[in-house]
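The values are calculated or read from the model by the stated rules, or taken from the named source; none is laboratory data. The structure displayed is predicted, hence computed values, not measured ones. All Cβ positions, glycine included, derive from the backbone under ideal geometry; neighbour counts span all protein chains shown.
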Amino acid sequence: MSSQGISPELLEFAARCLESRGAVVEPGDGFIDCLLSEEISDFLSVSQELRLGAGGQELAYGLPLLDRLVELATRDTPVVYGSLDSGYLKKEGFDRIVMQSMTFPDAKVKCTGRAEVKRTYMVLAVKYTAVSDERKEGLVRICINESTGAILPEMLNRWRSFSPDFYAEGKVPPHFPMHMEKIIKTGLVAAGKASKDELDSFLRSMERRLRRDIASTTSYYAALASEMEEGLNRAGLSKEAMEERRAKIAALPGERDQKIRDLVQKYSVRLRLTAKAALRFLVPVVQVSASVRKGKARGQLALIWNPIMQGIEPVACTGCGKSIRTIYFREKQSGLRPVCERCR
């Protein structure tokens with residue numbers, strides 16, 4: 001289909017999207033000529049040699065091709081890099097602040113030193129989709145220390161106040177870890193917990209409807225059984241008809257239980273999580289070194305004083321990864337490892 005009035009913004013979007021996926025794009029007067037890979041042409045349901053715009057295929061809002069281009073552009077998690085600097089790093093008083101913000105029930109911990117370092121953090125936006133008899137979608141955000149894996153809700157609420165500086169493409173410093181799979185997995189686990197809080201009313205609604213329909217189904221089959229049993233006393237009912245009715249009565253509990261299983265399946269909630277975008281920040285922090293004593297065992301613990309939070313970050317349990325402020329220690333050959341109460 002030919003289009004003479006295609007939006008220049010849509011053409012620019014299509015060109016940037018396709019070039020980022022390895023296509024060769026040549027701009028013209030009101031159109032672009034594209035040479036696509038087989039994978040991309042199959043995904044878009046177009047030929048590998050494609051003209052968009054004047055004299056070629058139409059590209060407009062509401063058309064399936066634009067929807068597929070948007071899906072192509074967003075199917076990978078976009079990442080933006082920047083830095084946050086409060087301009088102030090705490091110099092002393094760490095023993096007091098550590099003891100105020102952390103608890104060590106089975107060990108003695110003493111701060112022994114500080115060092116100013118830079119650490120990377122990720123703010124991950126995660127879309128949740130809950131599907132049951134109804135569907136509910138939403139977005140949650142999780143902040144993670146990329147070095148420790150600790151979840152930092154306090155930093156999530158404050159980082160915007162520090163006017164982040166964003167790096168231009170090609171100017172990102174080398175501090176950021178290359179492989180994000182483990183961090184994103186940690187973020188998705190935390191997002192799953194956060195989304196359940198967001199979905200509380202939805203989940204309770206599905207539970208109420210399930211209980212209502214189970215009660216209705218149970219009542220229906222009880223009334224049906226009672227009616228059929230009364231029918232057995234009807235005069236003139238043949239022996240064969242009575243046996244047939246008794247068999248139907250005996251089958252009712254099985255039918256009822258199957259209906260209830262179907263209802264449980266109908267109202268069960270399936271949750272899907274998708275990472276949609278990530279902000280990664282480089283932040284100057286203070287690393288606080290601490291000595292740990294548990295009985296005769298000795299160890300070291302590294303804590304982070306975060307200037308954005310203005311406090312000590314929680315520690316990630318080395319057993320399950322949960323972010324904790326009540327810290328136990330488990331003895332390993334490599335030393336004492338911080339764990340949560342469940343993993344100790």
Filter result (among the aliphatic types (A, V, I, L, M), farther than 30 Å from Ala130 by Cα and in contact (Cβ under 8 Å) with a residue 24 or more places away in the chain) within region 186-227 = Leu224, Ala225
Given (1) free of Cβ contacts under 8 Å to residues at least 24 places away in the same chain; (2) out of contact with any Pro (no Cβ under 9 Å at 6 or more places or on another chain), Cys143 misses just (2)
Please note which helices (runs of 4 or more DSSP H) are completely contained in region 170-288 and include at least 2 residues that are surrounded by 16 or more Cβ atoms within 10 Å (Cβ to Cβ) and small (Gly, Ala, Ser).
-> 181-198, 200-231
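Yes or no, residue by residue, for (1) touching a strand residue (DSSP E or B) at 6+ places or on another chain (Cβ under 6 Å); (2) of a type outside the set (Ser, Thr, Tyr):
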residue	(1), (2)
Glu9	no, yes
Cys34	yes, yes
Glu39	no, yes
Leu44	no, yes
Ala54	yes, yes
Gln57	no, yes
Tyr61	no, no
Val70	no, yes
Arg75	no, yes
If you go through Val70, Val24, Val46, the only one that is of a type outside the set (Ser, Thr, Tyr), farther than 30 Å from Val288 by Cβ, at pLDDT below 90 and outside the structural domain of Ala150 (by TED's automatic domain parsing) is Val70
Does Ile151 satisfy the condition of being touching a Gly at 6+ places or on another chain (Cβ under 7 Å) and modelled with pLDDT of 95 or more?
-> no
Which members of region 21-39 meet the condition of being touching a residue at least 12 places away in the same chain (Cβ under 8 Å) and not in a loop (DSSP other than H, G, I, E, B)?
-> Pro27, Phe31, Ile32, Asp33, Cys34, Leu35
Quick count over region 131-163, residues being within 12 Å of the chain's Cα centre (by Cα) and among the aliphatic types (A, V, I, L, M), is 3
